[in-house]
Amino acid sequence: MDKLIKGLHHITSMAADAQKNNDFFTKALGLRRVKKTVNFDAPDVYHLYYGDETGTPGSVMTYFPFGQMPTGTRGNGEVGVTEFAVPRGSLGFWTDRLASHGVSELRKDRFLGEDRLTFSGPDGDSFALVETEVEGRVPWTAGGVAQDVGVLGFHGARFRLRDAAATGELLSFMGYQKDETEGAVTRYRIENGNAARTIDLEETPQAAPARQGAGSVHHIAFAVEDRDAQLAVRKALMDTGYQVTPVIDRDYFWAIYFRTPGGILFEVATNEPGFDRDEDTAHLGEALKLPTRYEPHRAQIEAQLPPLDQ
Ligand code: ZN
């Protein structure tokens, strides 16, 4: 499947409170809410998407806010850190801004030659802002964060694994190349994709398995250009012995899913058709959008969902 994978598409996590989650991403981080819909498998739960102006693949963080939900425990077999790219020289701004929004565990360090700021999200989610050069990405500025410091989509993600070997082999099979190593972390990088191009594998053999809950990543999605590329990836994975779901229509992309050797759920999602397929770019994320099969139940679904301000 050489060259079919184009970096990350989106990362999907779980949250407790929808409004807190919304406010953290739109007000503290200054992202745009590009879609307000429901969990297609459980329509009494929102599915909220945050990204740049149009939800460009590689910029999209999504959440299922389940309401009352125990906080997850970090450990092996999960995406341990979700990393966003920010312009060089912006971490001073971000340290002050996030502190003023009450964000906890702010810590600046340097890793694999990059300056970064790590911090916790509203449910203990593990995030990092990484200063890096990014070409061809424009931050969303209507959220109150200026162009010269705004978030430029994902930089990548760090996986925590008891044993990284099999996941490293899978990433190589997907077109990633083994890159630098620092401590227990080995970086994999994909060329010729979008700007969300790194996956760091951290081997933590002593750690306990992660327990999923609020603040945990549910799955990580890799981008392919279109449905033909997706079918080719699906076939290549199945020929290698992976059990892959059929293609599922998620309205804004098509998706396939498979469980990886280290325990992390991978998705491969198409760049087509995108988040503007059912609303104008100027009004993305404002109205509650439902998949067609739930439209007859709209009134009931809206009554079950908690109120959510812009
Ligand atoms: Zn997904």
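The values are calculated or read from the model by the stated rules, or taken from the named source; none is laboratory data. Keep in mind that what you see is a predicted model, and the values were worked out from it rather than measured. A quick note on method: Cβ atoms are made from the backbone with ideal geometry, for glycine too, and the neighbour counts reach across all protein chains shown. Areas reflect the complete protein model, heavy atoms only, side chains present, ligands, DNA and RNA absent. Shrake-Rupley method; radii C 1.70, N 1.55, O 1.52, S 1.80 Å.
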Legend entry - Estimated dipole of region 1-86 in Debye, rounded to 20 [Cβ of Lys and Arg +1, of Asp and Glu -1, Cα centre]: 180 debye
Legend entry - In Hz, Karplus ³J(HN,Hα) per residue of region 155-163 (6.51, -1.76, 1.60; θ = phi - 60°; x = Gly, Pro): 8, x, 8, 10, 9, 10, 9, 5, 9
Legend entry - Candidates GLY102, GLY156, GLY67: whichever shows maximal mean-square fluctuation once the chain is modelled as a Gaussian network with Cα springs under 10 Å: GLY102
Legend entry - Modelled FRET efficiency - R0 41 Å, GLU182 with THR73, Cβ distances, 0.05 increments: 0.95
Legend entry - Highest-MSF residue in the chain out of TYR176, TYR242, TYR257 [GNM, Cα springs under 10 Å]: TYR242
Inset, instruction - Mind scanning LYS6/LYS235; LYS36/LYS235; LYS20/LYS289; LYS6/LYS178; LYS3/LYS35 and naming the pairs with a C-alpha gap bigger than 22 Å? - result: LYS36/LYS235; LYS3/LYS35
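Counting Lys and Arg as +1 and Asp and Glu as -1, each charge on the Cβ, what is the dipole of region 130-193 about the Cα centre in debye, to the nearest 20?
Dipole of region 130-193, to the nearest 20 debye: 300 debye.
Rolling a 1.4 Å sphere over the protein heavy atoms, what is the accessible area per residue of region 211-310, to the nearest Å²?
So region 211-310 comes to 50 Å² accessible per residue, rounded to a whole number.
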Legend entry - Simple Cβ-charge dipole of the chain, Lys/Arg +1 and Asp/Glu -1, about Cα centre, in debye nearest 20: 420 debye
Inset, instruction - Towards the positive end of the charge dipole of the chain, with charges on Cβ (+1 Lys, Arg; -1 Asp, Glu), say which of GLY136, MET14, TYR252 has the farthest Cα. - result: MET14
Inset, instruction - List, in order, the whole-Hz ³J(HN,Hα) value for each residue of region 3-18 obtained from phi through the Karplus relation with A = 6.51, B = -1.76, C = 1.60 and θ = phi - 60°; use x for Gly and Pro. - result: 6, 7, 7, 10, x, 7, 9, 8, 10, 10, 10, 10, 9, 8, 7, 5
Legend entry - Among beta bridges that DSSP assigns inside region 158-310, antiparallel share in %, nearest 5: 65 percent
Legend entry - Mean Cα-pair separation over length for the chain, i.e. relative contact order, pairs under 8 Å, 6 or more apart, %: 26 percent
Legend entry - Cα-based shape type of region 1-153, given that a ≥ b ≥ c are square roots of the gyration tensor eigenvalues and the cut on a/c is 1.5: rounded
Inset, instruction - Might you work out the accessible area of THR62 for me, using a 1.4 Å probe with all protein chains in place, and round it to the nearest 10 Å²? - result: 0 Å²
Legend entry - Length gained when the stretch GLN147-GLN304 is fully extended (0.36 nm per residue, less Cα-Cα span): 52.7 nm
Inset, instruction - Take every DSSP beta bridge whose two residues both sit in region 8-304, then give the antiparallel share in percent to the nearest 5. - result: 65 percent
Legend entry - Highest-MSF residue in the chain out of SER172, SER216, SER126 [GNM, Cα springs under 10 Å]: SER172
Legend entry - Accessible carbon and sulfur surface of the chain relative to its total accessible area, %, 1.4 Å: 47 percent
Inset, instruction - Report the extension gain between GLN243 and PHE40 in nm, rounded to one decimal, defined as 0.36 nm multiplied by the number of residues separating them, less their alpha carbon distance. - result: 70.9 nm
Legend entry - Cβ-defined net charge surrounding GLY89, 10 Å radius [Lys, Arg +1; Asp, Glu -1]: -2
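Quick check: residue separation of LYS235 and ARG259 times 0.36 nm, minus the Cα distance between them. What number comes out in nm?
Using 0.36 nm per residue and subtracting the Cα-Cα distance, I get 7.1 nm.
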Inset, instruction - Just reorder ASP23, ASP200 by solvent-accessible area, largest first, 1.4 Å probe, all chains present. - result: ASP23, ASP200
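Given a cut-off of 23 Å, what percent of all Cα-Cα pairs of the chain lie beyond it?
54 percent
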